[in-house]
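What follows is a set of notes on a single structure, which appears directly below.
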Amino acid sequence: MSSLAENYRLTALRKAPKIPTGIDAIHCRALGRVHRRKSILKKVLREATEIDTAGYTFREISRTSLQIRLAKYRELFRSRSYVSTQELHEALALIQNAVKFTLGFKPFPVQLAGALALYRGYIAEMSTGEGKTVTAAMTAILRGWSGRACHVITANDYLAARDAEIMAPLYHFCGVTVGSVTSPLKPNERKEAYEKDVTYTTAKEVLADFLRDRIALGKSQQFSQRLIASLREDQSRLFSQVVQRGLHTAIVDEADNVLIDEAVTPLIISREEPNEAFTASCLCAIGIAESLTLDVDYKRDEVFRTVTFLRDIEELIQEHRVKHPGPFSGVLFQKDLVRQALVAREFFHRDKQYVIEEEKIVIVDESTGRKMPMRSWSGGLHQLVEAKEGLPMTPVKETQARLSFQRFFRFYPCFSGMTGTGKEAAGEFWHIYGAPVITIPNNRKSKRKTRALRVFPDKESKMNAILHEIETVHNQGRPILIGTRNVAMSEELAERLHERNLSCKVINAVREKEEAAIITDAGKKEAITVATNMAGRGTDIKISPEVRALGGLHVIATECHRSSRIDRQLFGRCARQGDPGSAIPFTSLEDELLTRNLPGPILRLLKFLMKTIPGSTLIAGRGAVRLAQYIAHRKDFQSRLSVQKTDTWLDESLCFANEDIQ
């Protein structure tokens, strides 16, 4: 470490406040509404207009003169912890012109408003196609000038590397260094990237590096301990093992996905420990599970994805031990493994929850359709799914460190984010992260035509209606983007289209290599693209004047998702920046959203109404979808709260100091 200040910042964290509950939660919600009131948006938009007007005074300035002015502001931001509103406005006006010099376009006032919101700690809701990448870059320049670590969090490695490369000329022009951290990088390469003023990376990578650094520091996680130790010995070797230089600013792109959809599962750093006894126990559990019959020996709960035994299986476990003697675990533990084996059989299916690559189970995120190769299920579930598929079982992993994404991002002193769909989660963003949501208007009014939800009694009738919709729109020459919930559905739909002599391109967890190229071409005339949910995020679908005249891109949602946010994200693929476009959602009473979240009597009533009263689905079906999404949202929210409570409980029960992370 070159200075005491850098040594201190290495592990200095913002103390994450406790998540309010009870009466405190009611007060918190009321306070959140105050912080996202309309008058704040009006003020930000007014400031953005003033900055845009001030920017015109620099339009005749030379390249060299502009860089000199930017350098002066860089020193100002680095030497002071606080800058006035006037200084902030002038700095953004200069950066706006720097964008024009380096990237060839001038940011709109709404993008300046977004940059102001991010700088002040808001979650900025900006529609897809409204230029969130350059908005984040303008804010990152302001934060990068401070000399403290600024992390721009993107949805995946591709976007992290791409955005850092695209924005590099702007950063360099403004006197800011930039780098990116992606999965393939080695420790020395990661360290070099984190040394930059601004670092683009993913939530998984930055949290994993944070935990690995904590493991490397060991007992030297507190500044006071390192300070005392430095009097006795040289600590250069210790610091050489650490890749990050501390946490200060996080600007999270696709904040709803990173902070909400993926916040349920904590990130765990572990090491493999071969355990023959556990492997034998898993094989025993698989053998017993295969002898059990659904609704005779056990029943399953579709809502909570759990299994309940209808008979005592302890005798079966004892019998299996006699027939197959070995180093088995206790009966109760074995019983839990049998339950997990049944869960693996009933609720975890190939091309839905996972895919198989090189004889390994690769988990697929159900909310995004993306592969998560570095993750595994806990409690023996991963090994049991491997055994179910006839694959070699991976060794048991011993946990070295764990932390949830929720708690990690609350460590950043300066925290903000962007998303195309933040309104639905405004309460949760404030409740958990203390970040109010501000909705930035579009630069041009949206021309998207969203048709009413169509509800069908079963999946087959829904599929036929979807195919008819595709044929009708395709005959008009318009491009079509079809969103599916999982890999299996995307493959089935592609096969049915092929049977009707309609060619299409598919993007899913199995076929993701050409994702960016395919999604970019999805706006061409007569193109049909089938994609799992969220595929192609961050890549614009551009349409030609000919397609614009035909009505633009048409988006089809093959079923509703657990959150209306995700439906809106899919629809946001069309009608960008004032272009025309349309969207239509489909659902059936057999879709997972309804079967898992609505009580049986309500589903039966809906089916009865659809058969006996024509047109009843116009109200009842759509109301049922909204109710199911509300129930699913409450479940997911409670699950995320339980993750945070677990983190807090571990801290308190293990008596960790403020800077220690378990």
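What follows is calculated from the coordinates using simple rules that are stated; it is not laboratory data. Quick caveat, the model's predicted, so the values are computed rather than measured. Please note: Cβ atoms are built from the backbone with ideal geometry, for glycine as well, and neighbour counts cover all protein chains shown.
Numerical summary
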{"quantity": "Rel. contact order, % - alpha carbon contacts under 8 angstrom, at least six apart, the chain", "calculated": "15 percent"}
{"quantity": "Hits among lysines - C-alpha to C-alpha of Lys191 under 17 Å, sequence gap 8 or more where chains match", "calculated": "Lys204"}
{"quantity": "Full-stretch length increase - Phe333, Glu189 - with 0.36 nm per residue and alpha-carbon distance subtracted", "calculated": "47.5 nm"}
{"quantity": "Set Lys219/Lys371; Lys15/Lys360; Lys505/Lys635; Lys186/Lys360 screened for pairs whose C-alpha atoms are more than 29 Å apart", "calculated": "Lys219/Lys371; Lys15/Lys360; Lys505/Lys635"}
{"quantity": "Reach of Lys459 by Cα under 16 Å, taken over lysines that are not fewer than 8 positions away in the same chain", "calculated": "Lys607, Lys611"}
{"quantity": "J(HN,Hα) series, region 225-239, from Karplus relation 6.51 cos²θ - 1.76 cosθ + 1.60, nearest Hz, glycine and proline x", "calculated": "5, 5, 5, 5, 5, 5, 6, 9, 8, 6, 9, 4, 5, 4, 5"}
{"quantity": "Burial ordering of Glu254, Glu192, fewest other beta-carbon atoms within 10 Å first", "calculated": "Glu192, Glu254"}
{"quantity": "Phi-based couplings in Hz for region 252-260 (Karplus 6.51, -1.76, 1.60; Gly and Pro marked x)", "calculated": "9, 7, 6, 4, 5, 6, 6, 8, 10"}
{"quantity": "Radius ratio Rg over Rh of region 215-287, counting only Cα atoms, Kirkwood formula for Rh", "calculated": "1.19"}
{"quantity": "Glu315 paired with Ser62, simple spin-label distance in nm, labels 7 Å along Cα-to-beta-carbon", "calculated": "9.6 nm"}
{"quantity": "Counted charge near Glu398, where neighbours are those whose Cβ lies closer than 9 Å (Asp, Glu -1; Lys, Arg +1)", "calculated": "0"}
{"quantity": "Whole-number Å³ per residue for the convex hull built on Cα positions in the chain", "calculated": "183 Å³"}
{"quantity": "Given Lys42/Lys445; Lys423/Lys447; Lys335/Lys397; Lys352/Lys447, the pairs whose alpha carbons are separated by over 24 Å", "calculated": "Lys352/Lys447"}
{"quantity": "Cα-centre dipole for the chain with unit charges at Cβ (Lys and Arg positive, Asp and Glu negative), debye to 20", "calculated": "2600 debye"}
{"quantity": "Positive-end residue, the chain charge dipole about Cα centroid, Cβ charges, pick of Phe411, His172, Ser220", "calculated": "His172"}
{"quantity": "Peptide ranges 131-138, 156-163 listed from the most packed, as the mean C-beta count within 10 angstrom indicates", "calculated": "131-138, 156-163"}
{"quantity": "Amide H contacts of Gln400 (H built 1.01 Å from N, under 5 Å, at least 5 apart or other chain)", "calculated": "Ile269, Ser270, Arg271"}
{"quantity": "Within the chain, percent of DSSP bridges classed antiparallel, to nearest 5", "calculated": "25 percent"}
